Amino acid sequence: MKMNFVVVSQLLKQTQSILKSGYLVFVLSVVSLFLFSSIPILIPLLLVSGLLAIHHYLFIRIEFDRGLLQHMVDQPEDVESFTQQLDQSLLNLKLIPSNKTDRDWPERFKGCLRLLKIQIFIVLIQYSVFIILFYKLAHR
């Protein structure tokens, strides 16, 4: 079971590279807008900024989960005891609703990996928007 924590934690560690890629495409999109645009840029600028905000929010969520999983790897505590303490802390801080406590770890792993997949999807959308913007602006 402990190896699952290691594997998922290491997968989630890749979120930093994905975020850097998202910032790169954001900068490229903004530069393209300012260099090539002869139309008002407010709507496209809001779009690329909104995508970056969503991307950064996902990064924060994934990093939080990764930190918790890494703590599980580093601590020799009983998994069941730690899980109860974790759920109680998250509940006290109002970070999760009461119906999400007492989930098993495979379900939690699926949730973590789902967030990572959403982050990858968002960065792909960012690149798609950049390509479309660049093509439309460069071919005017």
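Kirkwood Rh over alpha-carbon pairs of segment 86-140, then Stokes-Einstein at 37 °C and 0.692 mPa s: what D in µm² s⁻¹, rounded to an integer?
Values: Rh = 14.2 Å.
Taking Rh from Cα pairs, D becomes 231 µm²/s.
Measure off, as a whole percent, the carbon and sulfur share of the 1.4 Å-probe accessible area of the chain, all protein chains present. Please list the in-between numbers first.
Numbers: 5850 of 8850 Å².
That share works out to 66 percent.
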Specify which residue in the list Leu51, Gly111, Ser81 is farthest towards the positive end of the charge dipole of segment 1-119, using unit charges on the beta carbon of Lys, Arg (+1) and Asp, Glu (-1), about the Cα centre.
-> Leu51
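What is the magnitude of the charge dipole of segment 1-138 about its Cα centre, with +1 placed on the Cβ of each Lys and Arg, -1 on the Cβ of each Asp and Glu, and no other charges, expressed in debye to the nearest 20?
Values: 13 positive and 10 negative charges, 118 e Å.
Around 560 debye, computed over segment 1-138.
Calculate how large, on average over all directions, the projected area of the Cα convex hull of segment 1-55 is; give the answer in nm² to one decimal. All intermediate terms of the calculation are to be shown ahead of the outcome.
Numbers: hull surface 16.5 nm².
The orientation-averaged projected area of the Cα hull of segment 1-55 comes to 4.1 nm².
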Cα Rg, Dmax (largest Cα-Cα span) when computed across segment 1-122, Å | 18.4, 62
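Can you give me the span-like helices of the chain, meaning DSSP H runs with 20 Å or more of Cα extent along the axis and Kyte-Doolittle mean at or above 1.6? Please report the intermediate quantities before stating the final value.
Working: long enough: 15-36 (31 Å, 1.62); 42-74 (47 Å, 0.99); 105-138 (49 Å, 1.06).
Once both thresholds are applied, what remains is 15-36.
With charges only on Cβ, +1 for K and R and -1 for D and E, what is the dipole size of segment 41-118 about its Cα centre, in debye, rounded to 20? Kindly include the intermediate steps, with their values, before the conclusion.
Values: 9 positive and 10 negative charges, 107 e Å.
So the dipole magnitude of segment 41-118 works out to roughly 520 debye.
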Please calculate how many Å² of accessible area the chain carries per residue, with a 1.4 Å probe and no DNA, RNA or ligand atoms counted.
-> 63
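The values are calculated or read from the model by the stated rules, or taken from the named source; none is laboratory data. It should be emphasised that the depicted structure is a prediction, and the values quoted were computed from it without experimental measurement. A quick note on method: Cβ atoms are made from the backbone with ideal geometry, for glycine too, and the neighbour counts reach across all protein chains shown. What goes into the accessible areas is simple: the full protein's heavy atoms, side chains included, and nothing from ligands, DNA or RNA. Shrake-Rupley method; radii C 1.70, N 1.55, O 1.52, S 1.80 Å.
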